[in-house]
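As structure tokens, the structure follows; a few thoughts come after it.
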């Protein structure tokens, strides 16, 4: 039986036909999304990415989430993320009793008003409940962006680190300083945003994993 959400989405699509990428993404399931987990380093920090943005299915998924706010795209991305996090967190808990926090890369308040949502927060809120309520991990909005920055994709690579330097701060480090944090972005190029945001968390005493859904 269709849910209220699915009926609403069907009616919305009938009235306002979705963009081609949204239609393609809506027709896909998790088995259609190619995974290619990779690791690389920037300024001595290890960054993990789960998908390749150049794959058409991945590009559709990220753009549908980022620009259309698609709930289906958020759920697909959350499935990819949950599969990775279960294994990583289980391994961490073998050697540490630190609580696990999931923190999205924040938007500046001006960008948030303009877009209406944080696409990474949409993904994290679509994770199974145990990733948000402390049973496996806790979702936290502890990190904020203190100044607006130019979009990284519009800048030459050498300028990207400078662009986001000093752009992040912690709202409250009381719990974070004793935790292991997965700092999560949707898509990364150089990794400058993750590394600079991560500095604030490490300075508070947190241990850290830097993670992006896709690498461009």
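General observations
- Hits in the stretch 90-106 - residues which are more than 17 Å from residue 201 (Cβ to Cβ) and either part of a helix (DSSP H, G or I) or under 13 Å from the mean Cα position of the chain (by Cα) (or both): 90, 91, 93, 94, 95
- Every test in (1) in a helix (DSSP H, G or I); (2) modelled with pLDDT of 95 or more is passed by residue 41 save one, and that test is (1).
- The one condition from (1) within 17 Å of residue 188 (Cα to Cα); (2) surrounded by 16 or more Cβ atoms within 10 Å (Cβ to Cβ); (3) out of contact with any helix residue (DSSP H, G or I) (no Cβ under 6 Å at 6 or more places or on another chain); (4) at pLDDT 95 or above that residue 101 does not meet is (1).
- Just so you know, in the stretch 49-80 the residues that are closer than 20 Å to residue 129 by Cα and touching a strand residue (DSSP E or B) at 6+ places or on another chain (Cβ under 7 Å) include one that is surrounded by the fewest Cβ atoms within 10 Å (Cβ to Cβ), and it is 80.
- Every test in (1) buried (at least 21 other Cβ atoms within 10 Å of the Cβ); (2) under 20 Å from residue 91 (Cβ atoms) is passed by residue 106 save one, and that test is (2).
- Considering only residues in the stretch 108-131 that are in contact with a helix residue (DSSP H, G or I) (Cβ under 7 Å, 6 or more places away or on another chain) and not in a helix (DSSP H, G or I), the one that is farthest from residue 64 (Cα to Cα) turns out to be 128.
- Of all the listed residues (174, 193, 153, 149), the sole one being closer than 23 Å to residue 78 by Cα, modelled with pLDDT under 95 and not in a strand (DSSP E or B) is 193.
- Residues satisfying the stated conditions in the stretch 196-216, i.e. under 18 Å from the mean Cα position of the chain (by Cα) and in a helix (DSSP H, G or I): 196, 197, 198, 199, 200, 201
- Selection from the stretch 165-179 of residues that are farther than 17 Å from residue 145 by Cβ, surrounded by fewer than 21 Cβ atoms within 10 Å (Cβ to Cβ) and in contact with a strand residue (DSSP E or B) (Cβ under 8 Å, 6 or more places away or on another chain): 175
- Of the residues in the stretch 122-132, at least one is touching a strand residue (DSSP E or B) at 6+ places or on another chain (Cβ under 7 Å), free of Cβ contacts under 8 Å to residues at least 40 places away in the same chain and farther than 16 Å from residue 208 by Cα.
- Residue 128 vs. criteria more than 29 Å from residue 34 (Cβ to Cβ) and modelled with pLDDT of 95 or more: no
One line per residue, one yes/no per condition, for (1) more than 27 Å from residue 94 (Cα to Cα); (2) crowded, with 18+ Cβ neighbours inside 10 Å:
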residue: 111; (1), (2): yes, no
residue: 133; (1), (2): no, no
residue: 142; (1), (2): no, yes
residue: 202; (1), (2): no, no
residue: 209; (1), (2): no, yes
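- Checking residue 65 against (1) under 25 Å from residue 160 (Cβ atoms); (2) in a loop (DSSP other than H, G, I, E, B), the condition it does not meet: (2)
- All conditions but one from (1) exposed (fewer than 13 other Cβ atoms within 10 Å of the Cβ); (2) assigned to a loop (DSSP other than H, G, I, E, B); (3) at pLDDT 60 or above; (4) out of contact with any strand residue (DSSP E or B) (no Cβ under 9 Å at 6 or more places or on another chain) apply to residue 1; the one that does not is (3).
The values are calculated or read from the model by the stated rules, or taken from the named source; none is laboratory data. None of these values were measured; they are calculated from a predicted model. Note that each Cβ is placed from the backbone with ideal geometry, even for glycine, and that neighbours are counted across all protein chains shown.
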